[in-house]
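**Student:** Next up is a structure, given as structure tokens.
Just so it is clear, none of the values below were taken in a lab; they were calculated from the coordinates. Being a predicted model, the structure only gives us computed values, none of them experimental. Note that each Cβ is placed from the backbone with ideal geometry, even for glycine, and that neighbours are counted across all protein chains shown.
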Amino acid sequence: MLRPVRGSSAPTHGVRFLLFLVLWISIVGGLLPATLARAAPSELLAADAPQAGSDSVASAGIQTRTLATPASATPTSATPKPKANTIHLHGGLFAPIDVNATSPTLGLRLGRRLGSHLQGGLLVGWTFQRKDLEQPVNGLPGLQPHLILARADGQLVPAMVFLQVNLTEKRFLAPYAGIAAGYEWFFLRANDYRTGELASATFANWAWESWGGIGMRLDQSLRLDFEVFYNGGSLQRDVADSSGQSWREAVHVNGVGARVGVEIPF
């Protein structure tokens, strides 16, 4: 019959193993909930990262920030930059001081912006003038007719550089003033119907022009202008008579006028 031997350590090892097992289970059981509690926000953040700002993230107590959109990705409503060039078309009437009659005139100013209120460019124009030598015809009924004995047609053509100051660029009414200087030609053609003689001459010299007006802005690309102007110059030519004597003839083109125009930026 077998008997236990005194001093055997078998029961002692079993008890120690059971105590160690109970202690390990208690430790693991206490640490596991804390570990899960710490890991839960990270796991939720990782799971909901593609859906930032969703209800699940908000319920987990996680604060989110909206990233700023780059400035280049959103359109901006900037003030449009004024166009650099302008074309001004105008027409009206011109009255030379030496001639008691008005003449139709047309013109064009091609300008470029030099500053916020200043522009400069080229001015060209055309003014037509006609003068008839007439004689009343007697014995005919109705309105009194006249017989044209001679006719002289003149065409005034300037080519100048100009500067113009616009006092405002934003208001509905835009006052402005300008001055120009350059060369001017006067082409004269005369026809004497009594003798059948036909003559022509060209006068030219330096001349100048100034104007002032006010414009009404119809929209950003069109302005309607009303202006008065003054043209100054004495156009000349050299002639020689039958004896060989040289003379100088002059035509004074000083006068005032009024015109209406449109200014178109481009």
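**Student:** Of all the residues that make up the range 105-130, how many are more than 18 Å from residue 91 (Cβ to Cβ) and in contact with an Asp or Glu (Cβ under 9 Å, 6 or more places away or on another chain)?
**Tutor:** 2
**Student:** Looking for something part of a loop (DSSP other than H, G, I, E, B), in contact (Cβ under 8 Å) with a residue 40 or more places away in the chain and within 40 Å of the chain's Cα centre (by Cα) - is there at least one such residue anywhere in the range 235-258?
**Tutor:** Scanning the range 235-258, I find at least one residue that is part of a loop (DSSP other than H, G, I, E, B), in contact (Cβ under 8 Å) with a residue 40 or more places away in the chain and within 40 Å of the chain's Cα centre (by Cα), so the answer is yes.
**Student:** Yes or no: the range 161-168 includes at least one residue that is in contact with a Gly (Cβ under 7 Å, 6 or more places away or on another chain), more than 17 Å from residue 89 (Cα to Cα), among the polar types (S, T, N, Q) and in contact (Cβ under 8 Å) with a residue 12 or more places away in the chain.
**Tutor:** Looking through the range 161-168, none of the residues is in contact with a Gly (Cβ under 7 Å, 6 or more places away or on another chain), more than 17 Å from residue 89 (Cα to Cα), among the polar types (S, T, N, Q) and in contact (Cβ under 8 Å) with a residue 12 or more places away in the chain.
**Student:** Going through the range 239-266 one residue at a time, which ones are loosely packed, with under 12 Cβ neighbours inside 10 Å and either touching a Ser or Thr at 6+ places or on another chain (Cβ under 6 Å) or among the polar types (S, T, N, Q) (or both)?
**Tutor:** 240, 242, 243, 245, 246
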